[in-house]
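Below is one structure, written out as structure tokens; the observations come after it.
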Amino acid sequence: VSQSRYGVNGNKVWDKSFGGKNYDYLTNIVSTPDGGYLLVGYSNSQVEGNKTGTNKGNFDYWVVKIDGNGNKAWDKTYGGSKHDITTGAILTRDNSFIILGYSYSGVSSDKSSSNQGDSDIWLLKINSVGSIIWEKTLGGALEDKPQSVVLTEDNGYLLASHSKLSSDSGLFYGGYDWHIFKLGFDGDVLWDKVFGTNGDDYVTEVISLDKGFLISGYTASGVDGDKSSISVGQLDTWI
């Protein structure tokens, strides 16, 4: 994990590296209320280098808190017995953090719920010092790979994933579909919707608008299912 900060003129102010002896990947940076940053990623390093937490499985979530000068305040490792991969992170209105990713782990270590499929959404809420407030496992019978999460006006969350759902779920088009979850403040599912075509549809981001949300992704499909526009090329942006 390498973190650099540049001034208003593009001149480097500082740079820092964090990691162990194996693979350490950075997926998200979140600004913190104290002027620092939360570095969110996943790692299969053991206790070595800058990493102080023992691996729980293969890849685990790895979160590093740094101050405004790049000095490490703390780091935490979260995971189960298999692969746990981070994909998103946000600051909440109560100055906690939501860490988003997907997990192949069953009930083990920090994960308290069984998977419904091969990979499920694994959502953590942590406080300002990295302690887990709650964690949730969401998903269908096959695969779920969440990509983005945003706050909603009611202090809940909207979460966007591309998922492979079973044909008997009643929520299925084909291949990967967009699976959208509305969650309450405590991470409980209030509703979920599926959008897609008979091909593979991948989601990349969700953003909040004044009214509603904008969800983006890409697909190879033409007019089919929820998609009303013809295909322009091999892969097209779908909003």
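Farthest towards the positive end of the charge dipole of the chain, among the residues 116, 191, 36, is the Cα of 36, using unit charges on the Cβ of Lys, Arg, Asp and Glu. Protection proxy ranking, highest mean first, for peptides 207-215, 44-52, 122-130, 96-104: 96-104, 122-130, 44-52, 207-215, where packing is the per-residue count of other beta-carbon atoms within 10 Å, averaged.
Extent of the stretch 1-46 along its three principal axes (Cα atoms, max minus min coordinate, largest first): 37, 23, 14 Å. Note on the chain: with charges restricted to the Cβ of Lys and Arg (+1) and Asp and Glu (-1), its dipole about the Cα centre is near 800 debye.
Atom-type composition of the exposed protein surface of the chain places 47 percent of the accessible area on carbon and sulfur (1.4 angstrom probe).
Remark on residue 134: its backbone amide H falls under 5 Å from those of 125, a criterion applied only to residues 5 or more positions apart or on other chains, H modelled at 1.01 Å from N. By the scheme Lys and Arg +1, Asp and Glu -1, what is the net charge of all other residues having a beta-carbon under 13 Å from that of residue 180? That sum, taken over residues with Cβ under 13 Å, equals -4. Quick one: grab the alpha carbon gyration tensor of the stretch 174-220, order the square roots of its eigenvalues as a ≥ b ≥ c, and give me rounded if a/c is under 1.5, else prolate or oblate depending on whether a/b is larger than b/c. Note, shape of the stretch 174-220 comes out oblate. Looking at the stretch 110-189, the accessible area is 37 square angstrom per residue; that uses a 1.4 Å probe and ignores ligands, DNA and RNA. Counted by Cβ distance under 12 Å from residue 45, the other residues give a net charge of -2, where Lys and Arg count +1 and Asp and Glu count -1. Computed from the C-beta positions of residue 189 and residue 224, the FRET efficiency with R₀ = 25 Å rounds to 0.35. For the stretch 115-208, the equivalent ellipsoid derived from the alpha-carbon gyration tensor has semi-axes of 24, 14, 11 Å in decreasing order. In terms of packing, defined here as the mean over residues of other Cβ atoms within 10 angstrom, the peptides 187-197, 53-63 line up highest first as 53-63, 187-197. Electrostatic tally near residue 14: other residues with Cβ closer than 14 Å to its Cβ, Lys and Arg +1, Asp and Glu -1, net +2.
Computing semi-axes √(5λ) of the Cα gyration tensor in Å directly from the structure and comparing it against (i) 48, 29, 18; (ii) 31, 21, 17; (iii) 33, 30, 16 singles out (ii).
The values are calculated or read from the model by the stated rules, or taken from the named source; none is laboratory data. Because the structure is predicted, anything quoted here is derived from the model rather than measured. Cβ sites come from the backbone with ideal geometry, for glycine too, and all protein chains shown count toward neighbours. The area values use the complete protein model at the heavy-atom level, side chains included, leaving out ligands, DNA and RNA. Shrake-Rupley method; radii C 1.70, N 1.55, O 1.52, S 1.80 Å.
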